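Working notes for the structure below.
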């Protein structure tokens, strides 16, 4: 059986595509920013080789069938401004965890909402997901607002669920079901 090609998605202002080693410089600039890695288990990058290794990890995630990670590029200039995707994908249980990051100079632009709408639609219709979860640091109010604005519901808090940067961290669990996504989109069309 031939491997499935990595999907490229296009929105009004963005192209979401597989990152290659040619994108390492842009990914390095993104992950060198402390505010981008504040809530994830990465320190700010110091060398472009770290970005190359991360791209290799994203490729392995896709090839193993455990997830997808798109680079988020501006449609006009082709600049890498963020990443987004699904991890912990379990096709037998029809669920995955959403994950994303965006360059600070693009915060407040609506870019990540636009990108997540595209990947959620892909996830529910092409990957046949029934449930998408987002685990969010309680202090990450931008993510809280983004996910609830997309229709995710906060389901609870997992106390000391993660160990990030040498500390135990609670995770707020947000979830979106396929049926809720369809109902919300139907309301927008009416």
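What's the number of the only condition in (1) farther than 18 Å from residue 89 by Cα; (2) touching a helix residue (DSSP H, G or I) at 6+ places or on another chain (Cβ under 8 Å) that residue 134 fails to meet? Every listed condition holds for residue 134 apart from (1). Applying the criterion of being loosely packed, with under 15 Cβ neighbours inside 10 Å and either touching a residue at least 24 places away in the same chain (Cβ under 8 Å) or within 18 Å of the chain's Cα centre (by Cα) (or both) to the residues of the range 14-33, the residue that is nearest to residue 84 (Cα to Cα) is 20. Only one of the numbered conditions (1) touching a residue at least 24 places away in the same chain (Cβ under 8 Å); (2) farther than 18 Å from residue 59 by Cα; (3) surrounded by fewer than 21 Cβ atoms within 10 Å (Cβ to Cβ) is violated by residue 87, and that is (2).
For the range 7-60, residues that are in a loop (DSSP other than H, G, I, E, B) and either farther than 23 Å from residue 89 by Cα or at pLDDT 95 or above (or both) total 18. In the range 122-146, of all residues being over 23 Å from residue 167 (Cβ atoms) and within 13 Å of the chain's Cα centre (by Cα), the one that is surrounded by the most Cβ atoms within 10 Å (Cβ to Cβ) corresponds to 132.
The values are calculated or read from the model by the stated rules, or taken from the named source; none is laboratory data. Please read all numbers here as calculations on a predicted model, not as lab measurements. Every residue, glycine as well, gets a Cβ built from its backbone with ideal geometry; the counts of neighbours run over all protein chains shown.
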